[in-house]
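Okay, structure first, notes after.
The values are calculated or read from the model by the stated rules, or taken from the named source; none is laboratory data. Computed from a prediction, not measured in an experiment: that's the story for all the values here. Positions of Cβ are generated from backbone atoms using ideal geometry, with glycine treated the same way; all protein chains shown enter the neighbour counts. Side chains are part of the model used for accessible areas, which takes the heavy atoms of the whole protein and leaves out ligands, DNA and RNA. Shrake-Rupley method; radii C 1.70, N 1.55, O 1.52, S 1.80 Å.
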Protein chains: 2
Amino acid sequence: MARNLQDHILQTASALFYSQGIKATGVDAIVKAAGTTKMSLYKYFPSKDDLVLAHLSKSRDAMLNRILAGVELRASEPKQTLLAVFAVFDELLSSPEFRGCPFINASAEFAEASNPVQLAAAEFSDTFREILADLARQAGAQDPESLSQQLSMLISGAIVSEQMRRQSGAMLTAAAAASILIEQSLSRAEPA
Amino acid sequence: MARNLQDHILQTASALFYSQGIKATGVDAIVKAAGTTKMSLYKYFPSKDDLVLAHLSKSRDAMLNRILAGVELRASEPKQTLLAVFAVFDELLSSPEFRGCPFINASAEFAEASNPVQLAAAEFSDTFREILADLARQAGAQDPESLSQQLSMLISGAIVSEQMRRQSGAMLTAAAAASILIEQSLSRAEPA
DNA sequence: TTGCAACTATACAGACCGGTATGTATTATT
DNA sequence: AATAATACATACCGGTCTGTATAGTTGCAA
């Protein structure tokens with residue numbers, strides 16, 4: 001199952017952090033769930049904080065890969081490519097394991113602005129927006145920066161909405177709004 | 001300053017819960033900040049959970065009052081009334097004490113779906129959406145439910161965006177998107 | 001077979017958590 | 001002056017937290 005113990009511990013911790021929250025998950029619980037011992041855990045991760053940051057890094061990579069793969073899979077005309085991002089997130093929200101965005105949640109759990117967890121969350125947020133901005137630019141949007149920020153806010157909003165009330169179809173409603181905003185931005189960008 | 005001790009304790013706790021997070025704020029810290037003792041705190045709030053729920057209830061009332069007052073203050077034509085909500089939130093985001101939405105953050109801190117904190121957060125979210133839906137209905141929107149969900153998602157999204165990166169002007173960008181969505185919804189609602 | 005590294009088992013340190021017990025000072029009411 | 005309510009002071013409880021120390025076990029390789 002786990003090629004090496006370090007990965008196995010990280011994977012176990014990651015699942016617990018996401019499903020129960022980071023502060024709510026003790027090291028003992030991780031050790032028990034992973035079927036290992038504290039000594040082994042602390043061998044690979046010198047502190048819980050290191051483990052938390054590794055979890056966020058892993059989540060970051062998984063999320064970005066999933067988005068890029070989904071976009072590539074559904075890629076067609078420019079507008080549909082942007083909407084493909086919403087389809088990817090709609091899949092995520094539909095999973096019974098969905099428990100919100102790991103970065104939004106982590107940002108809420110660790111309040112101090114200087115905390116490394118906050119920085120990791122902010123960095124992911126920026127990267128995601130840049131991806132959207134690139135897609136918007138390729139689609140020929142009038143103001144790719146604004147459009148990407150708006151689409152990213154719709155997605156974040158749909159995530160927290162779905163987190164509070166499941167099966168609300170939030171991401172589809174968000175996609176409908178996105179469609180209108182994209183249309184506007186593309187039509188205004190056409191030269192006369 | 002504090003007319004009675006109970007209010008004073010709640011106010012102190014509320015500020016700490018919001019600024020540092022709920023789980024990160026211990027009872028001892030609240031007692032110390034309020035200049036009182038544990039015994040007095042536990043007289044009025046039988047458990048920390050009770051204090052947390054009181055904090056959310058207080059935040060709920062404060063937030064709803066602020067929104068309604070802001071809307072009434074800026075009320076003019078229907079569309080501007082909806083956009084007034086965004087102006088209220090832009091004010092909130094501009095405060096140096098801003099640390100995100102108390103309910104989104106609380107929802108992230110307490111993961112279990114059945115937790116009373118989750119229920120309080122969901123209830124606020126619903127109430128807020130109903131207010132937006134009423135305004136959208138009064139404005140003559142084509143589909144007030146969808147529009148209100150979209151506007152609410154833009155606002156939540158702008159809040160988390162601003163939480164991760166301050167001074168990003170997220171709420172103004174959200175308002176621009178809202179303006180487009182409102183326009184569309186109103187124009188489509190006009191009978192031919 | 002010996003040796004070594006990875007891993008396990010378990011106990012513990014020290015701090016902090018929410019919550020309680022006991023007793024005292026202050027103030028208002030009667 | 002007697003009583004009752006309110007708040008304070010302080011010490012303590014059991015439990016949990018992150019992190020460490022010590023010792024035993026396994027498996028593989030020379």
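Label-point spacing at B:Gln138 relative to the other copies reads 4.5 nm, in ascending order, each point sitting 7 Å out from Cα along Cα→Cβ.
Label-to-label distance for B:Ser57 and B:Ala87 is 3.3 nm, based on points extended 7 Å past Cα in the beta-carbon direction. Which angle between 0 and 90 degrees, to the nearest 10, do you get for helix A:78-94 versus the longest principal axis of chain A when only C-alpha atoms count? Here the helix axis deviates by roughly 30 degrees. Panel note: contact residues of region B:147-167 (accessible area lowered by at least 10 Å² against the chain on its own; 1.4 Å probe) correspond to B:Gln149, B:Gln150, B:Met153, B:Leu154, B:Ser156, B:Gly157, B:Val160, B:Ser161, B:Gln163, B:Met164, B:Arg165. Using R0 = 25 Å, the C-beta based FRET efficiency linking B:Asp49 and B:Ala113 works out to 0.90.
Starting from the label point of B:Asp28 at 7 Å along Cα→Cβ, the same points in the other copies fall at 1.9 nm, in ascending order.
Rolling a 1.4 Å probe over the protein chains gives A:Ser114 an accessible area of about 100 Å². Average accessible surface for chain B: 47 Å² per residue, computed with a 1.4 Å probe over protein heavy atoms with every protein chain in place. Residues B:Arg129, B:Arg166, B:Arg99 ordered from highest to lowest accessible area at a 1.4 Å probe: B:Arg166, B:Arg129, B:Arg99. Sequence-ordered 3J(HN,Hα) estimates for region B:158-165 from the Karplus curve with 6.51, -1.76 and 1.60 and θ = phi - 60° stand at 5, 5, 5, 4, 5, 5, 7, 9 Hz, glycine and proline given as x. Using a 1.4 angstrom probe on protein heavy atoms only, the contact between B and A buries about 3200 square angstrom of accessible area, both sides summed.
Which entries in A:Lys38/B:Lys32; A:Lys58/B:Lys23; A:Lys48/B:Lys58; B:Lys38/B:Lys58; A:Lys23/B:Lys79 show an alpha-carbon gap greater than 32 Å? Correct reply: A:Lys38/B:Lys32; A:Lys48/B:Lys58; A:Lys23/B:Lys79. Of the solvent-accessible surface of region A:1-46, computed with a 1.4 Å probe and all protein chains present, 54% belongs to carbon and sulfur. D by Stokes-Einstein for the protein assembly as shown, Kirkwood Rh over Cα pairs, 20 °C, 1.002 mPa s: 97 µm²/s. Each Lys and Arg adds +1 at its Cβ and each Asp and Glu adds -1 at its Cβ; summed about the Cα centre, region A:1-159 shows a dipole of about 560 debye. Taking a spot 7 Å from the Cα of A:Val27 along the direction of its beta carbon, which residues of region A:39-69 have an amide N less than 18 Å from it? Zone members listed by number: A:39-56.
Each copy carries a label point for B:Asp126 at 7 Å from Cα toward Cβ; from one copy, the others' points are 4.0 nm away, ordered from shortest. Taking every protein chain into account, the 1.4 Å probe leaves B:Cys101 with about 10 Å² of accessible area, to the nearest ten. Residues A:Ser14, A:Ser95, sorted by accessible area with the largest first, give A:Ser95, A:Ser14 [1.4 Å probe; ligands and nucleic acids excluded].
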